[in-house]
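Here is the structure we will look at, set down as structure tokens.
The values are calculated or read from the model by the stated rules, or taken from the named source; none is laboratory data. Bear in mind the structure is a predicted one, so any value in this text is a computation, not a measurement. Positions of Cβ are generated from backbone atoms using ideal geometry, with glycine treated the same way; all protein chains shown enter the neighbour counts.
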């Protein structure tokens, strides 16, 4: 991996020390953590505490690295918000749809090689959040449907 991404410093960390770094100096991780599913689930939940909510954190479990020349196909992926199904808020119109929508951007980018479309989705999300349309977990008053509709309109 280091050979393919020479500008990204590769540092191996145990999961417990990575969690400590995430809590005390998250910027040192440069926004990138590569982990197996078990540890990735735990670390990504902790990452939600940094931004204040799991509602904006997408995740991707890929069968390979994007750009890996040894793979015969693009990476297959499982894309899901880090918050899971959130059954305690189901049907209440307060769930934040941003993480799920950003999962679509990850799918466009990594499994479908549709970079322009991925950026358009990310830009639409950013535009809506910057305009102040937010769900309660981000300090707003908008519901799930209102935020989702606003992002669709921004697209």
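Overview of values
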{"item": "Failed criterion for residue 77 (all others in (1) within 26 Å of residue 144 (Cβ to Cβ); (2) surrounded by fewer than 16 Cβ atoms within 10 Å (Cβ to Cβ); (3) at pLDDT 85 or above hold)", "result": "(2)"}
{"item": "Selection count where residues are assigned to a loop (DSSP other than H, G, I, E, B), under 16 Å from the mean Cα position of the chain (by Cα) and free of Cβ contacts under 8 Å to residues at least 12 places away in the same chain, scope segment 1-33", "result": "1"}
{"item": "Check on residue 85, without any contact (Cβ under 8 Å) to a residue 40 or more places away in the chain and within 14 Å of the chain's Cα centre (by Cα)", "result": "no"}
{"item": "Some residue of segment 23-30 being surrounded by 13 or more Cβ atoms within 10 Å (Cβ to Cβ) and under 30 Å from residue 144 (Cα atoms)", "result": "yes"}
{"item": "Selection within segment 3-34 - at pLDDT below 85 and touching a helix residue (DSSP H, G or I) at 6+ places or on another chain (Cβ under 7 Å)", "result": "29, 33"}
{"item": "Criterion (at pLDDT below 95, assigned to a loop (DSSP other than H, G, I, E, B) and over 30 Å from residue 3 (Cα atoms)) met by exactly one of 67, 91, 132", "result": "91"}
